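What follows is a short report on a single structure.
The values are calculated or read from the model by the stated rules, or taken from the named source; none is laboratory data. Quantities reported herein were computed from a predicted structural model and do not represent experimental measurements. FYI the Cβ positions are ideal-geometry reconstructions off the backbone, even for glycines, and counts take in every protein chain you see. Accessible surface areas use protein heavy atoms only, side chains included; no ligands, DNA or RNA. Shrake-Rupley method; radii C 1.70, N 1.55, O 1.52, S 1.80 Å.
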Amino acid sequence: MPKLLGIAGSLRAKSFNRMLLAYAAKTAPEGTTVEIFDLKPIPFFDQDVEAQGYPDAVAKLHAAVGAADGVLIVTPEYNSGIPGVLKNALDWMSRPPGKSNCAGKPVTVMSTSPGASGGIRAQVSILPVLTGMGMLPLVGAAAAVPNAGASFDVDGNLTDDRAKTVVAGQLKAFAAWIERLKR
Ligand code: FNR
């Protein structure tokens, strides 16, 4: 019964990646739940602020990561990498060094973009960050949904059948990955 924490790397109200995360949460396999954490209230990482104690939003993020069996990240690609909003949240999540509750936590990444590559370069560039944090990324299943403008309807529902199949496969593989790591 995996409990996932879902994080979108875009703050935009009509974000395709937020739509994709919502779709993944809605269609997660039987027994899998996805709690979505909004990164909007997370402040810029500042070691001076950290030294005075974690801000409320960061403490909530830490608690949500700690309570989850795995983390599902759905991110745009910005300039061939991940958005600063997401990297900032990952930096907070990685703290305190050596004792973060990210270490050993299963993680999987999806992306979507109006472009042809579906944000795959963001998925490549996030890998060293996640492994550097000690997270355990799922390999071999990664939904990268291209042509986002035509893949969602006006209500934000994913409509592309191929993308639906890939997302379903990744969620199933992630549940199996979490189970395998527990053994
Ligand atoms: C982009 N976009 C983009 N798309 C892409 O496929 N590769 C890229 O390298 C970039 N780079 C980029 C940089 C910046 C600063 C912005 C604002 C945008 C376009 C991007 O994929 C598009 O705006 C998406 O709609 C953003 O994701 P959300 O907000 O819809 O989830």
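State all residues of the range 34-44 that are of a type in the set (Val, Ile, Thr), open to solvent by less than 80 Å² (accessible area, probe 1.4 Å) and assigned to a strand (DSSP E or B); if no residue qualifies, say none.
Selection gives 34 alone.
Using the structure shown, decide if residue 131 is open to solvent by 60 Å² or more (accessible area, probe 1.4 Å), at negative phi and not small (Gly, Ala, Ser).
Spelling it out, residue 131 is indeed open to solvent by 60 Å² or more (accessible area, probe 1.4 Å), at negative phi and not small (Gly, Ala, Ser).
Among the residues of the range 165-181, how many are farther than 18 Å from residue 76 by Cα and in contact (Cβ under 8 Å) with a residue 24 or more places away in the chain?
11
Would you be able to tell me the number of residues in the range 25-53 that are over 21 Å from residue 11 (Cα atoms) and touching a residue at least 40 places away in the same chain (Cβ under 8 Å)?
Result for the range 25-53: 6.
Kindly establish whether residue 83 is over 18 Å from residue 9 (Cβ atoms) and in contact with a helix residue (DSSP H, G or I) (Cβ under 9 Å, 6 or more places away or on another chain).
Answer is no for this residue.
Tell me, yes or no, whether the range 62-72 has at least one residue that is closer than 24 Å to residue 115 by Cα and at pLDDT 95 or above.
Yes; the residues of the range 62-72 include at least one that is closer than 24 Å to residue 115 by Cα and at pLDDT 95 or above.
Identify the residue in the range 83-108 that is away from the ligand (no atom under 16 Å from the Cβ) and free of Cβ contacts under 8 Å to residues at least 12 places away in the same chain and, among all such residues, is surrounded by the most Cβ atoms within 10 Å (Cβ to Cβ).
Looking at residues that are away from the ligand (no atom under 16 Å from the Cβ) and free of Cβ contacts under 8 Å to residues at least 12 places away in the same chain, I get 96.
Taking into account only those residues within the range 29-82 that are among the polar types (S, T, N, Q) and within 16 Å of the ligand (Cβ to nearest atom), which is nearest to the chain's Cα centre (by Cα)?
75
When you go through (1) within 17 Å of residue 167 (Cα to Cα); (2) open to solvent by less than 20 Å² (accessible area, probe 1.4 Å) one by one for residue 31, which number turns out not to apply?
With respect to (1) within 17 Å of residue 167 (Cα to Cα); (2) open to solvent by less than 20 Å² (accessible area, probe 1.4 Å), residue 31 is out only on (2).
I'm trying to understand the selection: among the residues of the range 128-159, which are in contact (Cβ under 8 Å) with a residue 12 or more places away in the chain, outside any loop (DSSP other than H, G, I, E, B) and under 23 Å from residue 176 (Cβ atoms)?
130, 136, 137, 144, 145, 158 - these are the residues of the range 128-159 that are in contact (Cβ under 8 Å) with a residue 12 or more places away in the chain, outside any loop (DSSP other than H, G, I, E, B) and under 23 Å from residue 176 (Cβ atoms).
Of all residues in the range 1-28 being part of a loop (DSSP other than H, G, I, E, B), closer than 25 Å to residue 181 by Cα and open to solvent by 40 Å² or more (accessible area, probe 1.4 Å), which is nearest to the ligand (Cβ to nearest atom)?
Filtering the range 1-28 for residues that are part of a loop (DSSP other than H, G, I, E, B), closer than 25 Å to residue 181 by Cα and open to solvent by 40 Å² or more (accessible area, probe 1.4 Å), the one nearest to the ligand (Cβ to nearest atom) comes out as 27.
Being hydrophobic (A, V, I, L, M, F, W, C), surrounded by fewer than 21 Cβ atoms within 10 Å (Cβ to Cβ) and within 21 Å of residue 5 (Cα to Cα) is the filter here; which residues of the range 145-176 pass it?
166, 168, 173, 176, listed by residue number.
Only one residue in 125, 111 is touching a residue at least 12 places away in the same chain (Cβ under 8 Å), touching an Asp or Glu at 6+ places or on another chain (Cβ under 9 Å) and surrounded by fewer than 20 Cβ atoms within 10 Å (Cβ to Cβ), so which one is that?
Selected residue: 125, the only one of 125, 111 that is touching a residue at least 12 places away in the same chain (Cβ under 8 Å), touching an Asp or Glu at 6+ places or on another chain (Cβ under 9 Å) and surrounded by fewer than 20 Cβ atoms within 10 Å (Cβ to Cβ).
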